[in-house]
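One structure below.
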Amino acid sequence: MNPGLAFARSRNLPRAAAGALVVALATSLFAGARVDIPDFRYLVDYGIPVAAVAPVAHAVVLGSTLHSPMADLEHTAAQPMTLIRRLHLLALTLLAACLSALPLLFGLSADIAAASVRNAVGYLGLAGISARFFGSGLAWLLPLGTFGPTLLLGVAPDNTPEWWAWSIHAPSAAGALTTAVLLWLAALLLPTAPPRPDDRAEA
């Protein structure tokens, strides 16, 4: 069997890609809808396009493929896995970016699609960082763990996003794009960690 195909199948990549496609199609059906920020701290009237929220789901679904069912074997493999893991993250990011742009075919504006692609890059970066520090089985932890506070606390009294709530900033916000790219680069360049106990237990 082709090594690349075997690598993809060992991580259930086809299933995850199908799940991400379902998310993209569902997003396309609601391309014009918005998610209202809860009135948690202030009387705000701020909404986020559904297409800009969907990348969180992409990161969770596709991030699940960062888990290796053969962590010990891969750690002792004759061929270093660092390059393969980085190529894997790159492939996941390209897939998430394409799926995030899919709603363009259903009438989504180009600027919202750009924000969606930006968020896909940033949240997959968080998934990679989470996999590195908390174990690959917990790749979902940072994407979901940061998205909740962003929804609840991410809007300032003047009805604009807080500086740290990069994923709900306007598509033209250079700082938000820089943050997303830096998160992704951090995930790409972090050294490979040895398999953690939870990885071994799940193998």
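If you go through the stretch 14-42 and keep only what is modelled with pLDDT under 85 and assigned to a helix (DSSP H, G or I), you end up with just P14.
When A156, A127, A110 are checked against the criterion of being at pLDDT 90 or above and surrounded by fewer than 17 Cβ atoms within 10 Å (Cβ to Cβ), A110 stands alone in meeting it. Contact map, the stretch 109-123: first residue without any contact (Cβ under 8 Å) to a residue 12 or more places away in the chain, second residue of a type outside the set (G, A, S) and in a helix (DSSP H, G or I), Cβ cut-off under 8 Å, separation 6 or more or different chains; pairs are A110/L104.
The values are calculated or read from the model by the stated rules, or taken from the named source; none is laboratory data. Since the model is a prediction, treat every value here as computed from it, not as a measurement. Ideal geometry is used to build each Cβ from the backbone, glycine not excepted, and the neighbour counts take in all protein chains shown.
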